[in-house]
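Asker: Sharing a structure here in structure tokens format.
The values are calculated or read from the model by the stated rules, or taken from the named source; none is laboratory data. Everything quoted here is computed from the prediction, not taken from an experiment. Note that each Cβ is placed from the backbone with ideal geometry, even for glycine, and that neighbours are counted across all protein chains shown.
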Amino acid sequence: MAAARDLKAKETADADVDAVELAKRHLVQPWPFAGSVGTEARALIGEGEGIYITDASGKRLIDGPAGMWCINVGHRREELAKVMYDQAMALSYNTPWYTMNAPSAELAMRIAGHAPGDLSHVFFTTGGSSAVETALRFMQFYNNVRGRPEKKLILSRGDAYHGSTYLSASLNGRPRDRHWMDGADELVVKLSSPDPFRRPQGMSIEAFTDFLVDQFRDTVARIGADRIGAFVGEPVQASGGVVVPPDGYLKRIREICRDHGILYISDEVVTGFGRLGHVFASGEMFGIDPDMITFAKGVTSGYFPLGGVIISERILQELRRSNHPDALFGHGLTYTSHPIGCAVALKNLNILEESVLAHTREVAPYFQAQLKTLEELPLVGEVRGMGLMGCVECVADRESKDPLKLDKDVGKRIDAHCHELGLLVRPLINMCVMSPPLIISREQIDDMVAILREGISRTMDDLRKEGVWQG
């Protein structure tokens, strides 16, 4: 028995070495630097179970980012794997151009039942980027059919992240995403980030909210509502550093959009399917009823690539009543409404509805409170979050809130220490983002926060020794 285990361990180790070498020779990683593109191997993950993953060395780690905001019901859910197998054996694929499948129709109905307002129809895509791209192309189609070909500009915000396809990436508001990349800049108007932590010194939250709303209103007046087709916004800006907007801000923006015929697209690729304790956060958490909602990630808990756009019944009625009944929305994807993805999403939604959503709402306040204790550390400028998503932002000093005086890889330093201690972190320059699987327990939250505290403490010691930071 022992010999068999040793042989299996050796075979696994050999396979891991092979994977690393193969990656260096042949695999182009996402978001690579020019100096290492096509030669890079990243941390190899071998297995996952529950809230944990195992790296190539056999170390068990808490999956702090839940993959990429998506492993909502946890790793190794046998019922999801079985659904994939059963659906593949029944129908592995059908062309969506002139056929359909039953799982997609049922899933569209189930999703519409959770959506706010009159959002009642779903177009399925392959992920978040294609979902946002679809929503924007639908806005363009809608305005063309309604005889408003000039109404195409898109309002987006600083710190936003909406995808990696050409049009969706053009909305991104993080400078590093665009330094070396082209975009449809002629179609996008950028607004300020709604980050209260970065508001002007001495400005109250209420005044900051008024500033954001006034800026939005003034931008519409300056450009002209007849030229603006949509506003796209995440309820909580995820990859921008878990930026939670000030109370009432989104509702006021929604009203301006409604008053000026600007479509409000709520990007719930991250916040949807349980991350904030509800299937969708727009209505339940922020009191808004968008014209469209985009989703992906948690819809299948990352077990199968799937995304989509939920569209308002009002918009579809306006198209059906138009003078151009033959106008074609010339947009679709090979894997639109994929039967396996939709079947997995149906089972995933069952799991969420049965227990996981309620559990998330129960443990989220504890998660936020425990993370908040990290503000005791002098390197930490702010801990913020909502639901089961949180961000620890490190700063050189709390008065200036300046992250630039720190080593720019401070987040990676913290992640490296945490990895050694048993936690995978999502490092974002001077920030550490946490969004664990929604099934996490209070005891596991304690473990996560304790490791993160030690990882930050060790990083502070490193920075002091190197003379980078005095603390």
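Asker: Condition check: in the same structural domain as Pro235 (by TED's automatic domain parsing), exposed (fewer than 14 other Cβ atoms within 10 Å of the Cβ), of a type outside the set (Phe, Trp, Tyr) and assigned to a helix (DSSP H, G or I). Does Glu318 satisfy that? I'd like the intermediate steps shown before the answer.
Answerer: Values: in the same structural domain as Pro235 (by TED's automatic domain parsing): yes; exposed (fewer than 14 other Cβ atoms within 10 Å of the Cβ): yes; of a type outside the set (Phe, Trp, Tyr): yes; assigned to a helix (DSSP H, G or I): yes.
The answer is yes for Glu318.
Asker: Run Tyr335 past the list (1) surrounded by 14 or more Cβ atoms within 10 Å (Cβ to Cβ); (2) assigned to a helix (DSSP H, G or I) and report the number of the one that doesn't hold.
Answerer: Against the list (1) surrounded by 14 or more Cβ atoms within 10 Å (Cβ to Cβ); (2) assigned to a helix (DSSP H, G or I), Tyr335 comes up short only on (2).
Asker: Let me ask something additional. List, please: which pairs have Cβ atoms under 8 Å, are six or more places apart or on different chains, and start with a residue in the range 97-110 that is in the same structural domain as Ala343 (by TED's automatic domain parsing) and end with one that is of a type in the set (Ser, Thr, Tyr) and surrounded by 13 or more Cβ atoms within 10 Å (Cβ to Cβ)?
Answerer: As it stands, the answer is Met100/Ser337; Asn101/Ser337; Ser104/Ser337, since those pairs meet every condition given.
Asker: Here is a check on your reading of the model: is Ser156 small (Gly, Ala, Ser) and assigned to a helix (DSSP H, G or I)? First the steps, then the outcome.
Answerer: Numbers: small (Gly, Ala, Ser): yes; assigned to a helix (DSSP H, G or I): no.
Judged against the criteria, Ser156 is not a match.
Asker: While we're on this one: Determine if the range 279-292 includes at least one residue that is in contact with a Gly (Cβ under 7 Å, 6 or more places away or on another chain), in a loop (DSSP other than H, G, I, E, B), surrounded by 17 or more Cβ atoms within 10 Å (Cβ to Cβ) and of a type in the set (Asp, Glu).
Answerer: yes
For every residue, the table says whether it meets (1) within 30 Å of Phe286 (Cα to Cα); (2) assigned to a helix (DSSP H, G or I).
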site: Gln87; (1), (2): no, yes
site: Thr95; (1), (2): no, no
site: Thr99; (1), (2): no, no
site: Ala105; (1), (2): yes, yes
site: Met109; (1), (2): yes, yes
site: Ala112; (1), (2): yes, yes
site: Gly117; (1), (2): yes, no
site: Phe123; (1), (2): yes, no
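Asker: Related question: Among the residues of the range 71-85, write down those that are aliphatic (A, V, I, L, M), in a loop (DSSP other than H, G, I, E, B) and under 12 Å from Ile351 (Cα atoms).
Answerer: Within the range 71-85, the first condition is being aliphatic (A, V, I, L, M), and the residues that meet it are 71, 73, 80-81, 83-84.
Remaining after also requiring in a loop (DSSP other than H, G, I, E, B): 71, 73.
Once the filter is applied, which keeps residues that are aliphatic (A, V, I, L, M), in a loop (DSSP other than H, G, I, E, B) and under 12 Å from Ile351 (Cα atoms), the range 71-85 yields only Val73.
Asker: Is there a residue being at pLDDT below 95, surrounded by fewer than 22 Cβ atoms within 10 Å (Cβ to Cβ) and not aromatic (Phe, Trp, Tyr) anywhere in the range 202-222? Explain how you work it out, then say what you get.
Answerer: So in the range 202-222, the residues at pLDDT below 95 come out as 202.
Next cut, surrounded by fewer than 22 Cβ atoms within 10 Å (Cβ to Cβ) only: 202.
Now narrow it down to the ones that are not aromatic (Phe, Trp, Tyr): 202.
Taking every residue of the range 202-222 in turn, at least one turns out to be at pLDDT below 95, surrounded by fewer than 22 Cβ atoms within 10 Å (Cβ to Cβ) and not aromatic (Phe, Trp, Tyr).
Asker: Does the range 54-72 hold any residues that are farther than 11 Å from Val425 by Cα and buried (at least 22 other Cβ atoms within 10 Å of the Cβ), and which are they?
Answerer: From the range 54-72, those farther than 11 Å from Val425 by Cα are 54-60, 69-72; that's our starting set.
Hits for the range 54-72 are Trp69, Cys70, Ile71, Asn72.
Asker: Quick one: in the range 424-470, of everything that is of a type in the set (S, T, N, Q) and out of contact with any Leu (no Cβ under 9 Å at 6 or more places or on another chain), which residue is nearest to Leu374 (Cα to Cα)? Steps first, please.
Answerer: Step one: filter the range 424-470 for residues of a type in the set (S, T, N, Q), giving 430, 435, 441, 444, 457, 459, 470.
Among the residues that remain, those that are also out of contact with any Leu (no Cβ under 9 Å at 6 or more places or on another chain) are: 441, 444.
Numbers: Ser441: 19, Gln444: 16 Å.
Filtering the range 424-470 for residues that are of a type in the set (S, T, N, Q) and out of contact with any Leu (no Cβ under 9 Å at 6 or more places or on another chain), the one nearest to Leu374 (Cα to Cα) comes out as Gln444.
Asker: If you don't mind, there's one more thing I want to ask. Only one residue in Leu438, Leu452 is assigned to a loop (DSSP other than H, G, I, E, B), among the aliphatic types (A, V, I, L, M) and outside the structural domain of Gly202 (by TED's automatic domain parsing), so which one is that?
Answerer: On the way: Leu452 fails: assigned to a loop (DSSP other than H, G, I, E, B).
Only one candidate passes the filter, namely Leu438.
Asker: Here's something else I'd like to know. Could you grab me the full set of residues in the range 71-89 that are farther than 26 Å from Gln444 by Cβ and touching a Pro at 6+ places or on another chain (Cβ under 8 Å)?
Answerer: Once the filter is applied, which keeps residues that are farther than 26 Å from Gln444 by Cβ and touching a Pro at 6+ places or on another chain (Cβ under 8 Å), the range 71-89 yields only Gln87.
Asker: Being assigned to a helix (DSSP H, G or I), under 17 Å from Leu428 (Cβ atoms) and either among the charged types (D, E, K, R) or at pLDDT 95 or above (or both) is the filter here, so list the residues in the range 170-196 that pass it. Outline the logic, then answer.
Answerer: So the first thing to find is which residues in the range 170-196 are assigned to a helix (DSSP H, G or I), and the list is 175-178, 185-187, 196.
Remaining after also requiring under 17 Å from Leu428 (Cβ atoms): 175-178.
Passing the criteria: Arg176, Asp177, Arg178.
Asker: So, of the residues in the range 426-443 that are under 19 Å from Val380 (Cβ atoms) and polar (S, T, N, Q), which turns out to be nearest to the chain's Cα centre (by Cα)?
Answerer: Only one residue fits best here, namely Ser435.
Asker: What is the residue count in the range 370-408 for residues that are part of a helix (DSSP H, G or I) and either touching a residue at least 40 places away in the same chain (Cβ under 8 Å) or under 19 Å from Val243 (Cβ atoms) (or both)? Break it down stepwise before answering.
Answerer: Within the range 370-408, the subset part of a helix (DSSP H, G or I) is 370-376.
Retained after the next criterion (residues that are either touching a residue at least 40 places away in the same chain (Cβ under 8 Å) or under 19 Å from Val243 (Cβ atoms) (or both)): 370-375.
So the answer is 6.
Asker: A further question on this structure: Has the range 213-229 got at least one residue that is of a type outside the set (Phe, Trp, Tyr) and either part of a loop (DSSP other than H, G, I, E, B) or not assigned by TED's automatic domain parsing to the domain that holds Ile310 (or both)?
Answerer: The answer is yes; a qualifying residue exists.
Asker: Looking for something farther than 14 Å from Gly455 by Cβ, in the same structural domain as Tyr52 (by TED's automatic domain parsing) and not in a strand (DSSP E or B) - is there at least one such residue anywhere in the range 409-428?
Answerer: At the first step, the residues of the range 409-428 found to be farther than 14 Å from Gly455 by Cβ are 428.
Add one more test, that the residue is in the same structural domain as Tyr52 (by TED's automatic domain parsing), and what stays is 428.
With not in a strand (DSSP E or B) added as a condition, the list becomes none.
No, every residue in the range 409-428 fails to be farther than 14 Å from Gly455 by Cβ, in the same structural domain as Tyr52 (by TED's automatic domain parsing) and not in a strand (DSSP E or B).
Asker: Restricting to the range 92-136, and then to whatever is among the hydrophobic types (A, V, I, L, M, F, W, C) and over 17 Å from Glu268 (Cβ atoms), can you tell me which residue is surrounded by the fewest Cβ atoms within 10 Å (Cβ to Cβ)? First the steps, then the outcome.
Answerer: Within the range 92-136, the first condition is being among the hydrophobic types (A, V, I, L, M, F, W, C), and the residues that meet it are 97, 100, 102, 105, 107-109, 111-112, 115, 119, 122-124, 131-132, 135-136.
Next, only the ones that are over 17 Å from Glu268 (Cβ atoms) stay: 97, 100, 102, 105, 109.
Numbers: Trp97: 8, Met100: 12, Ala102: 12, Ala105: 13, Met109: 11.
Among those that are among the hydrophobic types (A, V, I, L, M, F, W, C) and over 17 Å from Glu268 (Cβ atoms), it is Trp97.
Asker: Based on this model, can you work out whether Arg413 counts as buried (at least 18 other Cβ atoms within 10 Å of the Cβ), in contact with an Asp or Glu (Cβ under 7 Å, 6 or more places away or on another chain) and farther than 18 Å from His114 by Cβ? Give the derivation first.
Answerer: Details: buried (at least 18 other Cβ atoms within 10 Å of the Cβ): yes; in contact with an Asp or Glu (Cβ under 7 Å, 6 or more places away or on another chain): yes; farther than 18 Å from His114 by Cβ: yes.
When the stated conditions are applied, Arg413 passes them.
Asker: How many residues does the range 427-438 contain that are in contact (Cβ under 8 Å) with a residue 40 or more places away in the chain and buried (at least 21 other Cβ atoms within 10 Å of the Cβ)?
Answerer: Matching residues across the range 427-438 total 8.
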